[in-house]
Amino acid sequence: DSGAVRRRFFKYQRKMHFYIKLLILIVVSVTALADNCNFRDPHKRVRDQDKIRGCNRKELWDTNIKNPHKKHLTPHQLSWLNSLSSLKNSHRTGEPGGRAKRQTVRKLRKEYRALSQAERDSYHSAVLQLQSAGNYETFVTAHRAASGAHFGAAFLPFHREFISRFEKALQQINPDISLPYLDSRLDHRLGSEHGFSGLWDDLLMGDHVGVVGSGPFANFPHSCNNNSSPFILRGVCSFVTNGGGRRRTTTLSCSSNEGFYSDAEVNAGKSLSNFADSVWCVDSSFELAHGNVHGLIGGSSGDMTFIGCSPSDPIFFLHHAFVDYIWEKARDNQINKDTDYPRPEDVSSGVRSCFDNDYAWNSAMTPFTDILNIDGIGLQYIPDLYDYADSPGDIENCATSGCNSDYLWCMSNGRCAAKMVNGGECTTGESCLSNNCVQGPKIRGRRRSTCS
């Protein structure tokens, strides 16, 4: 009857009003949170959940750098780190940021999977030797003590210098190696199957779920208290148990590939027209995209998720080398790229905090005492100390050029992607490290083929 129809209508109307109010509350809350952490998204690239994630990371970082109990470098550690400075054998022309007088050890950085297995083994060995000598932990402590390293203008300059010193430390062990970079677009292109990427093969990075117990960095120690394990953890995927008794099954459950770099994020990074556009308070998307990779690899309790612990996992340095790769591609098209570090007086009061104090151009690049923040945008790095080989991820027609790696395959759209280990859903054997894509039984009307 008409009364029942009216009642249903009013009930539906009340529900709609509730959901509209809830949506408005969420939008207002996200906006307020973003304002409080100086989050800026002028191009509307960032999802609300990523804004929340980024602001939460900033809050944890702000708490960490104000922690009076945080670890500090010993004088011996600081002296050793300073000996690895990019400014050794270089001079400053006018303001800081000169070109090196003479070449020391210039190396070509390649995508991790584009290395030969011998090159990868040499790199792994040098990292393990650095750790066994007690010097790897020095870099973890240095990153934790770097008060201007995140959420401000010093983010890119600091990490460029930081990984350069790490590379030099490895070259003291083996002069023939260079720091590889990890182009995670190659894994993003696998979609929901990214948990089966060959990146997690035992010859490459090893386990991606829980304690890293396989691969070259199996049982790699850490000093962080983010979990109860004495060894590094990752949380790219998780194991899910279903059923019980004889019907009990354990399957690998992976979240979406949102977190690894997408093509759109890398293209946006390469298109930065000036240095300021990469800074958190001007456009947060660049630093946020880098942070999402940390969060995907670390999961809920893995080392990569926590800023103070993230260098504990050796994959940190591969990831940041790719961040540096993206930045250098942008710098190729920038004018005055070695001097365009903004001064606080050049920017509006709303973003001044990102260019002042620990982030200021003429502030020391903490914790180092021999270099300023502006030196991190200088010309002493490329090509005098290192240069980058183009990534297989940039190849636009691999059908003719190939992907130049046993760990990559050419998709039908002409782009390279990571090959998968056993268990990944496939359509062709070319996408499998085993080169074997096997069709399984039909389940619920669907036949699933997997690498086997």
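The values are calculated or read from the model by the stated rules, or taken from the named source; none is laboratory data. Just so it is clear, the model here is predicted, and its values are computed rather than measured. Note: ideal-geometry Cβ built from the backbone for every residue, glycine included; neighbour counts use all protein chains shown. Surface areas here come from the heavy atoms of the whole protein model, side chains and all, with no ligands, DNA or RNA. Shrake-Rupley method; radii C 1.70, N 1.55, O 1.52, S 1.80 Å.
For every residue, the table says whether it meets (1) surrounded by fewer than 24 Cβ atoms within 10 Å (Cβ to Cβ); (2) of a type outside the set (Phe, Trp, Tyr); (3) over 26 Å from residue 258 (Cα atoms).
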site	(1), (2), (3)
152	no, yes, no
163	no, yes, no
175	yes, yes, yes
182	no, yes, no
189	yes, yes, no
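Looking only at the stretch 54-79, residues that are open to solvent by less than 60 Å² (accessible area, probe 1.4 Å), part of a helix (DSSP H, G or I) and modelled with pLDDT of 75 or more come to 8 in all. Output the number of the condition that residue 304 fails; it satisfies all remaining conditions of (1) out of contact with any helix residue (DSSP H, G or I) (no Cβ under 8 Å at 6 or more places or on another chain); (2) part of a helix (DSSP H, G or I); (3) not polar (S, T, N, Q). Result: residue 304 passes all but (1). Report, by residue number, each residue of the stretch 254-277 that is of a type outside the set (A, V, I, L, M, F, W, C), touching a helix residue (DSSP H, G or I) at 6+ places or on another chain (Cβ under 6 Å) and at pLDDT below 90. Within the stretch 254-277, 257, 259 qualify. Exactly one residue out of 338, 356 is among the acidic types (Asp, Glu) and farther than 30 Å from residue 112 by Cα, and it is 356.
Residues that are open to solvent by 50 Å² or more (accessible area, probe 1.4 Å) and either out of contact with any Lys or Arg (no Cβ under 9 Å at 6 or more places or on another chain) or in a helix (DSSP H, G or I) (or both) were ranked within the stretch 193-227; the one that is modelled with the lowest pLDDT is 225. The set of residues in the stretch 336-361 that are free of Cβ contacts under 8 Å to residues at least 24 places away in the same chain, out of contact with any helix residue (DSSP H, G or I) (no Cβ under 7 Å at 6 or more places or on another chain) and assigned to a loop (DSSP other than H, G, I, E, B) comprises 336, 343, 348, 349. Among the residues of the stretch 172-192, those that are in a helix (DSSP H, G or I) and under 19 Å from the mean Cα position of the chain (by Cα) comprise 185, 186, 187, 188, 191, 192. Going by the conditions given, is residue 413 assigned to a loop (DSSP other than H, G, I, E, B), farther than 30 Å from residue 338 by Cβ and touching a residue at least 24 places away in the same chain (Cβ under 8 Å)? In short, no. The condition (being touching a residue at least 40 places away in the same chain (Cβ under 8 Å), crowded, with 22+ Cβ neighbours inside 10 Å and not β-branched (Val, Ile, Thr)) is satisfied by just one residue among 272, 288: 288.
Keeping to the stretch 297-328, report how many residues are at pLDDT below 95 and open to solvent by 10 Å² or more (accessible area, probe 1.4 Å). Residues that pass the stated criteria total 8.
In the stretch 295-319, the residues that are free of Cβ contacts under 8 Å to residues at least 12 places away in the same chain form no Cβ pair under 8 Å with any partner that is surrounded by 24 or more Cβ atoms within 10 Å (Cβ to Cβ) and of a type in the set (A, V, I, L, M, F, W, C), whether six or more places apart or across chains. Contact map, the stretch 140-169: first residue over 18 Å from residue 283 (Cα atoms), second residue open to solvent by 10 Å² or more (accessible area, probe 1.4 Å) and part of a helix (DSSP H, G or I), Cβ cut-off under 8 Å, separation 6 or more or different chains; pairs are 141/77; 142/77; 144/64; 147/65; 147/358.
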